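Step one of this worksheet: look at the structure below.
Nothing in this text is a laboratory measurement; each read-out follows from the coordinates by a stated rule. Worth saying up front: this structure is predicted, and the values here are computed from it rather than measured. In this analysis, Cβ positions are derived from the backbone assuming ideal geometry, glycine residues included, and neighbour counts consider all displayed protein chains.
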Amino acid sequence: MKTRFIFLSAILFCSISFGQITQQTDRVSHQLLNDESNGIINQIVAKLNKLDNFYLKKLKFKDYQKSREIVDEIFDLLNAIPLVDKKPEIPPMSDVDFAQLIKNLQDETFEDDKLSVLSLAAKFNNFTVKQLINIISEFTYSSGKLRAVEIIYPYIVDKWNSHQIINSFTYSSDKEKVRRIIESF
C-alpha cells in the first residue's frame with residue numbers, strides 16, 4: 001500500500017510539473033506549440049491539482065524528497081523531447097495564380113514597381129524554386145533579380161532545390177550573393 005502511495009505521488013508530482021512546463025522556462029527550454037497539446041496538458045494539470053490538494057500534501061518528508069528527485073529526472077526527459085512547431089502548411093501558389101502574377105510583373109515597366117508587386121504577392125503565398133526562377137527572368141538587372149530572391153526565398157517550400165536558383169544567375173559575383181541569401185535562412 002505504501003509503495004502504491006509513493007508511486008502515485010511520484011506520478012502526481014511528474015504530471016503537475018509537466019503541466020507547468022510553460023511556466024517554468026528556466027527548467028524546461030521548450031514550450032508546447034499546438035493548441036491540442038496545450039488542451040491535453042491543461043486537463044492533466046486540473047486533475048493532478050485535485051490529486052495534489054488531497055494526497056500529495058500528506059506525504060512524509062522522505063517520500064516527498066524521493067518524489068521530487070523523480071520530478072527532476074522527468075524535467076530532464078522533457079527537455080530532451082523535440083517538439084515541432086506545426087504551422088499550417090500553405091501550398092505553393094497555383095499555376096493559374098502564378099501565371100497572373102507573371103502577367104502583373106510584365107505589365108510593370110520599372111523594376112521597383114515589379115518588386116512592389118512581388119512583395120505584396122509574397123505576403124500571402126508560398127512559392128517553388130521553379131516559380132522563383134521564372135520570376136527572376138522577369139527582371140532585367142542583377143539588382144532586381146537579387147532583390148526578388150531576397151523577397152521570395154523565405155516563402156520557398158522546396159528549399160532542397162535551392163542550387164537551381166544559383167544556376168539561374170550568370171555572373172559569379174551574383175551567384176555568391178544568392179548563396180549568401182540562401183545561407184541566411
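How far apart, in nm, are two points set 7 Å out from the Cα along the Cα-to-Cβ line at residue 150 and at residue 62?
6.9
With 22 Å as the limit, write out which pairs from 103/123; 103/145; 103/159 have Cα-Cα distances beyond it, or answer none.
103/159
What nm distance separates the two modelled labels at residue 103 and residue 140, each placed 7 Å from Cα along Cα→Cβ?
That separation, rounded to one decimal, is 2.4 nm.
Give, in nm to one decimal, the length gained when the segment between residue 90 and residue 184 is fully stretched (0.36 nm per residue of separation minus the Cα-Cα distance).
Contour length minus Cα-Cα distance gives 31.7 nm.
Taking amide H positions as placed in the peptide plane 1.01 Å from N, state which residues far from residue 156 in sequence (5 or more) or on other chains have amide H under 5 Å from it.
Those lying under 5 Å, H to H, from residue 156 are 127.
When the Karplus curve 6.51 cos²θ - 1.76 cosθ + 1.60 is applied with θ = phi - 60°, which whole-Hz ³J(HN,Hα) does each residue of segment 161-167 get, with x for Gly and Pro?
Karplus-based 3J(HN,Hα) across segment 161-167 equals 9, 4, 4, 5, 5, 4, 5 Hz.
Could you sort 166-176, 115-125 so that the peptide with the highest average Cβ count within 10 Å comes first and the rest follow in order?
The packing order, highest mean first, is 115-125, 166-176.
Report the extension gain between residue 124 and residue 160 in nm, rounded to one decimal, defined as 0.36 nm multiplied by the number of residues separating them, less their alpha carbon distance.
10.8 nm
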